[in-house]
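Structure, as structure tokens:
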Amino acid sequence: MEGKSEIKGSKPSFPLSFRELMVASTVVMAFVLGLLGVYLTMPASDYSFLRLPRTLEDLHILRDHLETYTSDYTIQVLVGYCVVYIFMQTFMIPGTVFMSLLAGALFGVLKGVALVVFTATAGASSCYFLSKLVGRPLVVSLWPDKLSFFQAQVAQRRASLLNYMLFLRLTPTLPNTFINVASPIVDVPYRVFFTATFIGLIPAAYITVRAGIALGELQSVGDLYDFNSIATLFLIGIVSVTPTLMNKTKP
């Protein structure tokens, strides 16, 4: 396969070239300016509690402080939440699971799921297009074997690619971060990527957002995905690829 040999045989320059660094820096500045705009519209106060949550304790502190602001400054909190979540997704910063929990704690199940699916899809799309511009050296350097496997699977399942991408989104077969950054490299069309992302993230978003409502009862992030939750996601994923498997059995 020509594409596969190209990935294995290429020796991409790394770190990024000057042009690639400029593109990435421009995107970072756009996010920084967006966050600055939100910050400047908030009332004067002590915002030392504002930081990316890394632990459940951080999340509790953030939730307790933001509950008041959410009722009084809903638009600013929503915009700030969206910018932070999309920024984290775009640059593969760990911790979006805490942001999903926060959405449930602040906005409830329905609004929280809608917010998480919107921001996660927007962030994944932003990562997709940024990777399309400058991501090849990074992906080839960090995940050469995984990228070759992904490319082979995409090529093999080209006729039913949406089903395969849905399966990946619904199950932990490949990390979502890798899917976001590698999809444009292996020529997954954006319309397929978008549809699979938007639909495929809904079940996991529901599980996480619902857990955020009972945040005080959560002992660790690992409690989010017990055996029943993982089994349910895999079952939905298997259903999504059933049409592909049935087509292969036809003479």
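For (1) hydroxyl-bearing (Ser, Thr, Tyr); (2) surrounded by 23 or more Cβ atoms within 10 Å (Cβ to Cβ), each residue gets a yes or a no:
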residue: Phe87; (1), (2): no, no
residue: Thr90; (1), (2): yes, yes
residue: Cys127; (1), (2): no, yes
residue: Arg136; (1), (2): no, no
residue: Ser141; (1), (2): yes, no
residue: Leu161; (1), (2): no, no
residue: Arg169; (1), (2): no, yes
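Tally the residues that are assigned to a helix (DSSP H, G or I), in contact (Cβ under 8 Å) with a residue 40 or more places away in the chain and in contact with a helix residue (DSSP H, G or I) (Cβ under 8 Å, 6 or more places away or on another chain), restricting the search to region 134-146.
To start, the set of residues in region 134-146 that are assigned to a helix (DSSP H, G or I) comprises 134, 136-142, 144-146.
Now drop any that are not in contact (Cβ under 8 Å) with a residue 40 or more places away in the chain, which leaves 134, 136-141, 144.
Filter once more, so that each one left must be in contact with a helix residue (DSSP H, G or I) (Cβ under 8 Å, 6 or more places away or on another chain): 134, 137-140, 144.
The qualifying residues number 6.
List the number of the failed condition for Asp187; all other conditions in (1) without any contact (Cβ under 8 Å) to a residue 24 or more places away in the chain; (2) not in a helix (DSSP H, G or I) hold.
Single failed check for Asp187: (1).
Which of the residues belonging to region 68-82 are among the hydroxyl-bearing types (Ser, Thr, Tyr), modelled with pLDDT of 85 or more and crowded, with 17+ Cβ neighbours inside 10 Å? It would help to see each step written out before you state the result.
Taking region 68-82 first, the residues among the hydroxyl-bearing types (Ser, Thr, Tyr) are 68-71, 73-74, 81.
From the residues that got through so far, the ones that are modelled with pLDDT of 85 or more too are 74, 81.
The one that is among the hydroxyl-bearing types (Ser, Thr, Tyr), modelled with pLDDT of 85 or more and crowded, with 17+ Cβ neighbours inside 10 Å: Tyr81.
Taking only pairs six or more apart or across chains, which ones have beta-carbon atoms under 8 Å, a first residue in region 60-71 that is under 11 Å from Phe49 (Cα atoms), and a second residue that is at pLDDT below 85 and assigned to a helix (DSSP H, G or I)?
Every condition considered, the pairs that remain are His60/Leu215; His60/Gly216; Arg63/Leu215.
Looking at (1) buried (at least 17 other Cβ atoms within 10 Å of the Cβ); (2) at pLDDT below 95; (3) over 23 Å from Val84 (Cα atoms), which is the one condition that is false for Val209?
Here Val209 meets the rest and fails (3).
Filter region 153-189 down to residues that are touching a helix residue (DSSP H, G or I) at 6+ places or on another chain (Cβ under 8 Å) and basic (Lys, Arg) and give me whichever is farthest from Ile86 (Cα to Cα).
My answer is Arg157.
Could you please give the count of residues in region 29-67 that are at pLDDT 80 or above, among the β-branched types (Val, Ile, Thr) and surrounded by fewer than 13 Cβ atoms within 10 Å (Cβ to Cβ)?
Going through region 29-67 one residue at a time, the tally reaches 2.
Report yes if Phe118 is over 16 Å from Val32 (Cα atoms) and out of contact with any helix residue (DSSP H, G or I) (no Cβ under 7 Å at 6 or more places or on another chain), otherwise no. Spell out how you get there, then give the answer.
Details: over 16 Å from Val32 (Cα atoms): yes; out of contact with any helix residue (DSSP H, G or I) (no Cβ under 7 Å at 6 or more places or on another chain): yes.
Yes, satisfied.
So which of Ile61, Ile93 ends up being among the hydrophobic types (A, V, I, L, M, F, W, C) and more than 24 Å from Thr177 (Cα to Cα)?
Values: Ile93 fails: more than 24 Å from Thr177 (Cα to Cα).
Answer to the check: Ile61.
Is it fair to say Leu106 is crowded, with 22+ Cβ neighbours inside 10 Å and modelled with pLDDT of 90 or more?
Numbers: crowded, with 22+ Cβ neighbours inside 10 Å: yes; modelled with pLDDT of 90 or more: yes.
So Leu106 passes the test.
Could you please let me know if Val181 is part of a helix (DSSP H, G or I), surrounded by 15 or more Cβ atoms within 10 Å (Cβ to Cβ) and under 16 Å from the mean Cα position of the chain (by Cα)?
Details: part of a helix (DSSP H, G or I): yes; surrounded by 15 or more Cβ atoms within 10 Å (Cβ to Cβ): yes; under 16 Å from the mean Cα position of the chain (by Cα): yes.
Yes, satisfied.
Residues Gly95, Gly104: which one is closer than 28 Å to Val134 by Cα, touching a Lys or Arg at 6+ places or on another chain (Cβ under 8 Å) and in contact (Cβ under 8 Å) with a residue 12 or more places away in the chain? It would help to see each step written out before you state the result.
Numbers: Gly104 fails: closer than 28 Å to Val134 by Cα.
Step by step, each of Gly95, Gly104 is checked, and only Gly95 is closer than 28 Å to Val134 by Cα, touching a Lys or Arg at 6+ places or on another chain (Cβ under 8 Å) and in contact (Cβ under 8 Å) with a residue 12 or more places away in the chain.
Conditions tested, residue by residue: (1) farther than 17 Å from Gly112 by Cβ; (2) more than 22 Å from the chain's Cα centre (by Cα); (3) of a type in the set (Ser, Thr, Tyr).
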residue	(1), (2), (3)
Tyr47	yes, yes, yes
Asp58	yes, no, no
Glu67	no, yes, no
Ser71	no, yes, yes
Thr74	no, yes, yes
Cys82	no, no, no
Tyr85	no, no, yes
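The values are calculated or read from the model by the stated rules, or taken from the named source; none is laboratory data. Just so you know, these numbers come straight off a predicted model, no measurement behind them. With ideal geometry, Cβ positions are generated from the backbone for all residues, glycine too; neighbour counts draw on all protein chains shown.
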